Amino acid sequence: MTIPQPLDQPGRRADWWRAIWPAVLTFTLGIGLWEGVVGFFALPLYLLPAPSQILLTFLAQPGYLLSIGAVTFGNAFAGCVLGCGLGVLTAIICVRWPIIAEGLVPLAVAASAVPIIALSPLMSLWLGSISPASKIAVVAVMTFFPTLVSVYKGLISPRADALQLMHSYAAAQRAIFLKLRVPAALPFFFNALRVCTTLSMIGAVVAEFFGGPQNALGVYIKSQAGVLRTREAWSAILVACLYGLAFYVVVVLIERVVMPWNKHR
């Protein structure tokens, strides 16, 4: 019998390090190459600042950048919750009435290919360019379709013999759904949720390019890039990355609590 090692055992720490070192090495080499290319070719600031310059610009006003990032993240979070929630609800309806799935799921796959750059101006026109509603709507649309497709595939993933076994025990549809379909769909749901965390920040920032409050990342990036203050624009991009990564990590931690048997490397 194998006794599982606690998290603080050296073996577990070694496994954790082996899992992340390729990403750490690639990131370090990429940043070093970026820094070297900018220094070697003496690229002007308005074209491409060095990572060290971007970091110094961020450290000069971290409070302000994080505060405007919080505004954008608030819209991204609200849109993600709305889009993923509607996606899950629609997937459940599709399982209950398969005829709806036959018409809606292929449409959802096609709609996922619509570029967000084409959707944002329309949402700004319909819901107001300054209003957070237009940004939340853009994020909700972006996250709705991936969640719908993934969760639907998860809900219909149980094998036919498992369903037949439940029917042989005269299990009610609710019991089949809660005890068979939902556990099977959880990995699909969290996989979609991890994708949607990054999509939500992208959607919120891009939506703000077409109008928004002054204290928002997208507006700040557009205004700073428009006057060739690229260090400031890149520092705001760094903040967007930090919020997106933090959102992703929180989802991964929740997934490990909900599904401890399905830990990802």
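Cβ-Cβ distance below 7 Å, separation of 6 or more or different chains: which pairs start in the stretch 117-145 with a residue that is touching a residue at least 12 places away in the same chain (Cβ under 8 Å) and surrounded by 21 or more Cβ atoms within 10 Å (Cβ to Cβ) and end on one that is of a type in the set (Val, Ile, Thr) and assigned to a helix (DSSP H, G or I)?
Note: pairs meeting the criteria are 120/138; 120/206; 123/138; 138/116; 142/116.
Test of understanding: among 255, 232, 208, which residue is over 19 Å from the mean Cα position of the chain (by Cα) and among the acidic types (Asp, Glu)? Walk me through how you get there before you give the answer.
On the way: 255 fails: over 19 Å from the mean Cα position of the chain (by Cα); 208 fails: over 19 Å from the mean Cα position of the chain (by Cα).
The unique qualifying residue is 232.
Name every residue in the stretch 41-63 that is in a loop (DSSP other than H, G, I, E, B) and either touching a strand residue (DSSP E or B) at 6+ places or on another chain (Cβ under 6 Å) or of a type in the set (Gly, Ala, Ser) (or both), in order of residue number. Step through it out loud before you land on a result.
The first filter runs over the stretch 41-63 and keeps only residues in a loop (DSSP other than H, G, I, E, B), leaving 42-50, 61.
Selection gives 42, 50.
Among 110, 91, which is without any contact (Cβ under 8 Å) to a residue 40 or more places away in the chain and over 30 Å from residue 239 (Cα atoms)? Walk me through it before giving the result.
Details: 91 fails: without any contact (Cβ under 8 Å) to a residue 40 or more places away in the chain.
Going through 110, 91 in turn, the sole match is 110.
Looking at (1) closer than 18 Å to residue 71 by Cα; (2) touching a Pro at 6+ places or on another chain (Cβ under 8 Å), can you tell me which one residue 221 breaks?
All conditions pass for residue 221, except number (2).
Of the numbered conditions (1) closer than 22 Å to residue 117 by Cβ; (2) out of contact with any Phe, Trp or Tyr (no Cβ under 9 Å at 6 or more places or on another chain); (3) of a type in the set (Ser, Thr, Tyr); (4) in contact (Cβ under 8 Å) with a residue 24 or more places away in the chain, residue 198 satisfies every one except a single condition; which is it?
Here residue 198 meets the rest and fails (2).
For the stretch 157-183, what are the residues that are charged (D, E, K, R) and touching a residue at least 24 places away in the same chain (Cβ under 8 Å)? I'd like the intermediate steps shown before the answer.
Kept after step one, since they are charged (D, E, K, R), are these residues of the stretch 157-183: 159, 161, 174, 179, 181.
Scanning the stretch 157-183 gives a single hit, 181.
Taken together, the values in this text are just the output of simple stated rules run on the coordinates, not laboratory data. In this text the structure is predicted, and so the values were computed from the model without any measurement. All Cβ positions, glycine included, derive from the backbone under ideal geometry; neighbour counts span all protein chains shown.
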